[in-house]
Amino acid sequence: MNPDSLHEPHIALHVEDLTVAYRNAPVLWDIDLDVPPGVMCAVVGPNGAGKSTLLKAALGLVQPTAGHVRFFGLRYAKARSRVGYVPQRSTVDWDFPATALDVVEMGLYGRLGWFRRPGRAARAQALSALASVEMADFAGRPIADLSGGQQQRVFIARALVQDPDLYILDEPMAGVDAVTEAAIVALLKRLRDQGRTVIVVHHDLQTVQKYFDWLVMLNVRVIAQGPVAEVYTPENLRRAYGGRVALIGGAT
Amino acid sequence: MVAGFDHTLGVVAAGAAVLGATGGVLGSFAVLRRQSLLGDVLAHAALPGLCIGFLVGGRALPALMAGALVAGGLAALSVLAIGRFTRLKPDAALGIVLSVFFAGGVVLLSHVQASGGAGAAGLSAFLFGQAAAMLVGDVQAMALVGVVAVGLVAACWPWVKLVCFDPPYARALGVPVAAVEALLTLLMAMAIVVGLQMVGVVLMTAMLIAPAVAARAWVTRLMPMAALAAVFGIVAGVGGAVISAGARGLATGPVVVLIATALAALSLALAPGRGVVWRALRDRRLAARLEGDRVIGTLRALGAAHGDPGYRAEAGMIDAAHGTATARTLDRLAAAGMVREVSHAPESTRHWVLTDKGQAEPGPGRGGPG
């Protein structure tokens, strides 16, 4: 079969039989996952469950051992412009010499080629993305001077500037203040209400029901997935967070 | 004779300027990508390349440069391979590759020198550089390499910036990160090659690190940082050339490195916002102002308690309210016209009142002390 032909095009993120192993130890095992378009989806699971690895494998940053991933029916390489990625804030050096606007503009660099530079329109787009996370006043501020919450907003603006259909965020609420968390959630809900799909690796079980309408519970394997109301059950939580997980057969 | 001397100085200064500018720009990326040590590896690895270049192409600088570039590339690949196929940590990989290549270079060097041949003796000058031996043709070759290296960075600027800041994100965007990183490593090797004759393989890494570190202290964006690093590099290069030309027996290369390092040290100490001394002075100023605000607040509260804004507060009382000596703070406030010293007979101790200016002063003490 031609790998570029459409496969499950009506699903925003389709993951099938995905297994990722580091040095032969499985980090993700046989993941089958479908996130429909237009939902705000949380990916939860204990430490070491493979949440970030799932995102990285989907985005081609980690080489899977087996399985495939499709975005709106397309391989990621063909769907890049429709996917906006917000990595964990701690993965970069915030002492880098750049302003908030510089960083946001980087979201548009994927469209450039060798020896090309962004035009004036890119600057304007970046400014309006900063404005939509209420950071317009900080456009010229060095990123080293921003608070953790402000840095997170800059990272989200960098994805917004691409105007994608699917947002993938890795722990955007980690280490930000309550005001920023509320602003981020409001922004993501607004995106969802515009028909965008939002997938968030989330660490705070307390707020899952309040923030999200779709839920994936992960612990190396997929423990449960679906609407939050159906998936967020004590039984599933116990299976995801309690005890070890067997790779073959039922959960222990 | 004088004209000949000036000509030599001109050549050396031009070479030093080329080296400083190239090292400054490419060094900025090395420092930001935390690859400063890779620069040291590439520089030391140039030695065997120089020897092989000499064996193949003779004393001509282009042949030596080509040898150094190839050896640097092999060293960089070795570091990558060790990182990929073993569990060694990066610092260990860098250390091993540096020593192996440098040891191989020293062995080759002694072999070449023992087997004689015209100019073989001059090869050891590449250990610490020998600026005086520089010819106009050498400077032209250096300038060509430098212009190509800086020009390539400028041409790929947005991707270079993104890959330095956030490589995984760049990959997610579809930027060919591995190619950009390979390009940056190649350009760093080119910058090193530019400096081999001037400062030599052992000290070259300082010309990558020091100007970049100095520049980072003063500016907050990448383009100004690279430009300022080039300026610092040129200042160090030309300054070193002039100083060593004016005094007998001072090796140019090491003097250039010392000036570059001094610029970095001064910048780390004095630069506004980031300098250690600058920050210490600012903290002291802020502490003094805070203390002043609190004393004014105390005086104001005492005035309110006595229903008299001009209440004459005894110095000991103010000390007691703060739990610490406040005489210096009061003197400072008096100098600023916020308080005035008054007497309060029959007591002979110092007393203080708020002046009109002190009454009007807004501050955290408005609501009283504490």
For B:Gly240: the one exception among (1) out of contact with any Ser or Thr (no Cβ under 7 Å at 6 or more places or on another chain); (2) in the same structural domain as B:Gly23 (by TED's automatic domain parsing): (1)
Any pair with Cβ under 7 angstrom, 6 or more apart, that starts in segment B:222-243 at a residue that is within 14 Å of chain A (Cβ to nearest Cβ) and ends at one that is open to solvent by 60 Å² or more (accessible area, probe 1.4 Å) and among the aromatic types (Phe, Trp, Tyr): B:Leu228/B:Trp218
Some residue of segment B:73-88 being under 19 Å from B:Phe128 (Cα atoms) and touching a residue at least 24 places away in the same chain (Cβ under 8 Å): no
Residue check, B:Val213 under 23 Å from B:Val139 (Cβ atoms) and assigned by TED's automatic domain parsing to the domain that holds B:Cys156: no
Residue that is farthest from the other protein chains (Cβ to nearest Cβ), among those in segment A:74-90 that are open to solvent by less than 40 Å² (accessible area, probe 1.4 Å) and within 13 Å of B:Pro168 (Cβ to Cβ): A:Val86
Candidate set: segment B:161-189, residues that are more than 7 Å from chain A (Cβ to nearest Cβ) and within 20 Å of the chain's Cα centre (by Cα); chosen: the one surrounded by the fewest Cβ atoms within 10 Å (Cβ to Cβ): B:Leu184
Check on B:Ala265, in a helix (DSSP H, G or I) and either open to solvent by less than 40 Å² (accessible area, probe 1.4 Å) or not assigned by TED's automatic domain parsing to the domain that holds B:Val12 (or both): no
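The values are calculated or read from the model by the stated rules, or taken from the named source; none is laboratory data. This one's a predicted model, so the numbers in the text were calculated from it and none came from an experiment. Ideal geometry is used to build each Cβ from the backbone, glycine not excepted, and the neighbour counts take in all protein chains shown. Just the protein is used for accessible areas: all its heavy atoms, side chains included, with ligands, DNA and RNA removed. Shrake-Rupley method; radii C 1.70, N 1.55, O 1.52, S 1.80 Å.
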